């Protein structure tokens, strides 16, 4: 577990001129004339996708940054780069502290192993010692509410059970920097509420939290800063109400219940 003491206002994550580009291949169906010319072979077109485009973003300790944007905006890509899962194409990311992320834990879980074994795997991957995991195992298992399923293979878990266990490990690690990417959208309303309370509890410490969510009501409630991404670009960053209102206006839905709640 992290014993470092970070002061509010110190930089936790610094994203500088971050770009991520990848190339995808598209099969193009040829016309009859083209097929005759190429002896029936199709052609492949490559398309360059700019997932992140010159993103500049600092996250300070003591802050909770909400990240909003439509599907395909680059939110999860940005989280994967900050977490070290994806290398950037341009720019750099500097992280001052230990990161715990549901993304990384999800990658590390083995479906063939039991939930119990994966708690140890996830904890070790997050930097906990075997003794620390042992000391906190009951806390993790109780929070995840899996009951006897904790000893069943994770391939038998529903997506909600999987997310609950990943969330429980991630928050129990007591990280310097916690990234939560849409984890709260999975599971029943009561577990969502419990998860939000846990994040609020972590928020009171000298940590940096990054919350990616489509639930704008949650973002307003928990975050003290919000960043809005669109097509890989950082459009706006500022106070939650200002940015969420601008984003909601952009979506032309105003403050409807549908956009303000987890749906």
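The values are calculated or read from the model by the stated rules, or taken from the named source; none is laboratory data. These figures come from a predicted structure and were not determined experimentally. Using ideal geometry, Cβ is built from the backbone for each residue, glycine included, and neighbour counts are taken over all protein chains shown.
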Cross-chain or 6+ apart pairs with Cβ under 6 Å, segment 141-162 first and farther than 17 Å from residue 120 by Cα, then surrounded by 19 or more Cβ atoms within 10 Å (Cβ to Cβ):
159/186; 160/186; 160/187
Return yes or no: is residue 55 at pLDDT 95 or above, touching a strand residue (DSSP E or B) at 6+ places or on another chain (Cβ under 9 Å) and under 15 Å from residue 178 (Cα atoms)?
no
Has segment 102-116 got at least one residue that is touching a strand residue (DSSP E or B) at 6+ places or on another chain (Cβ under 7 Å) and under 18 Å from residue 211 (Cα atoms)?
yes
Given 222, 235, which one is within 26 Å of residue 173 (Cβ to Cβ) and either in contact with a strand residue (DSSP E or B) (Cβ under 9 Å, 6 or more places away or on another chain) or at pLDDT 95 or above (or both)?
222
Give segment 4-37 a look and list any residue that's surrounded by 14 or more Cβ atoms within 10 Å (Cβ to Cβ), modelled with pLDDT under 70 and in a strand (DSSP E or B), or say none.
none
Any residue at all in segment 167-180 that's touching a strand residue (DSSP E or B) at 6+ places or on another chain (Cβ under 8 Å), assigned to a helix (DSSP H, G or I) and surrounded by fewer than 19 Cβ atoms within 10 Å (Cβ to Cβ)?
no
